[in-house]
Structure formats: C-alpha cells, structure tokens
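As structure tokens, the structure follows; a few thoughts come after it.
The values are calculated or read from the model by the stated rules, or taken from the named source; none is laboratory data. None of these values were measured; they are calculated from a predicted model. Reconstructed Cβ throughout: ideal geometry from the backbone, glycine too, with neighbour counts over all protein chains shown.
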Amino acid sequence: MSDTLYENIEKAARNVALELFLLAGLKAGQTVVAGCSTSEIAGYKVGTNSNAAIGTIVFASLNAAFSEQGVYLAAQCCEHLNRAIIIEREAAAGFTIVNAVPVADAGGAFATAAYEGFRDPVALESILADAGIDIGGTLIGMHLKRIAVPLRLETALIGKAAVIAARTRPPLIGGARTTYDRALL
C-alpha cells in the first residue's frame, strides 16, 4: 500500500473521530467504542486480510483525537475473542476485566494496535459506551448504552470500509404529559 493511501486513512479516521465528538456532544470522561475491520479498509472481506499497519494508523488517529478531548477509546476485538474490549485500565472501573491479549488472527489488527498503544491496557468482556464507530461492519451495538441514535457522518468511508456512527441517549419514560430535557435528546 502506498504512503498516500495510509495518509488518507489517517486523515479519514481523525475526521471521523472529530465529527463524532461534535455530533454526539461528547464530554471528557465519556467512552467511544470503535470496531474496525482493516480487511474492509483495504478492500477485502471482513476477517480475511488483517493489516497491522492499517490497524496501527486507525488506532493512533482515533486515540489521539479522542484523547485530546478527554474521551476514552474502547477498541472492540473480532469475534475470535467474542468482541471483547481493549481499553485503558483507568476507564475500566465497574466492568469485569478478562484475561485475553489480542493478536492479528484472534482479536484483529485494530485491537492489537490498541493493546500495544495504550499506556495500561486491559481487556473487558463488555462495556456500555456513550457513542460508537463501526468501520467495516464490525457490529459494535452490543457495547453501546441501551438507546442508540444513528449519526450520519460526512466522512462515510475509511479506505474502502463504510463507517457507521451512533451516540446514545437516556431512555424516555412517561406519557403524553411528560416533559423532557431537550439537552438529553
């Protein structure tokens, strides 16, 4: 792959992070889950051609952009590790830490890059994130808080992989006479 392609992937990943941060109204201390198929980014079928260089670029771009805002990145592993989460230990409070270290063939290139790139990484069985990014059809929904709201980003592709994003909101309760806090919608 060419340096230009890697630069385009880096730029697109950073744009996705910044767009999500703004559209979701994220605040410091919140968490974004990201799933990433490096195979899809490179134009292959998910799970068929893991690419460590792409995983590292996407992880570094997303993590830098979110870290600048005080938001934690949670990297989803592939199905070989039951879509476990790799995250900084300081963001793991209240969740069950499990013993698994991702590698390219069991966890995926993106999660492997996260494990190698975080200061103090841990694996979690699951998390309840405030927002999410799905790059290449990795099915992050199980790691979002209960009410997910899809977001349409201007950056719709990273490489050849489709990007789908979501934010979450509290459930609405009550009936016809209920008044809601519009800031939470």
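Observations, loosely collected:
- Selection within the range 33-58: residues that are in a helix (DSSP H, G or I) and either within 17 Å of Ile164 (Cα to Cα) or free of Cβ contacts under 8 Å to residues at least 40 places away in the same chain (or both). The member of this set that is nearest to the chain's Cα centre (by Cα) is Val58.
- Near pairs, Cβ below 8 angstrom, 6+ apart or cross-chain, from the range 140-164 (modelled with pLDDT of 95 or more and of a type in the set (Asp, Glu)) to any residue that is buried (at least 17 other Cβ atoms within 10 Å of the Cβ) and not in a strand (DSSP E or B): Glu154/Asn15; Glu154/Glu19
- Single match in Leu139, Leu81, Leu62 (criterion: touching an Asp or Glu at 6+ places or on another chain (Cβ under 9 Å), of a type outside the set (S, T, N, Q) and under 24 Å from Glu40 (Cα atoms)): Leu139
- Those residues of the range 79-103 which are modelled with pLDDT of 95 or more, over 16 Å from Ala113 (Cα atoms) and acidic (Asp, Glu), in sequence order: Glu90
- In the range 47-70, the residues that are crowded, with 20+ Cβ neighbours inside 10 Å and of a type in the set (A, V, I, L, M): Ile54, Ile57, Val58, Leu62, Ala65
- Filtering the range 26-60 to residues that are out of contact with any strand residue (DSSP E or B) (no Cβ under 8 Å at 6 or more places or on another chain), farther than 17 Å from Ala131 by Cα and not β-branched (Val, Ile, Thr) leaves Ser39, Ala42, Gly43, Tyr44, Lys45, Gly47, Asn49, Ser50, Asn51, Ala52, Ala53, Ala60.
- Verdict on Thr138 being crowded, with 17+ Cβ neighbours inside 10 Å, of a type in the set (S, T, N, Q) and assigned to a loop (DSSP other than H, G, I, E, B): yes
- Residue ID - surrounded by the fewest Cβ atoms within 10 Å (Cβ to Cβ), chosen from residues in the range 13-25 that are touching a strand residue (DSSP E or B) at 6+ places or on another chain (Cβ under 6 Å) and more than 18 Å from Ala109 (Cα to Cα): Leu23
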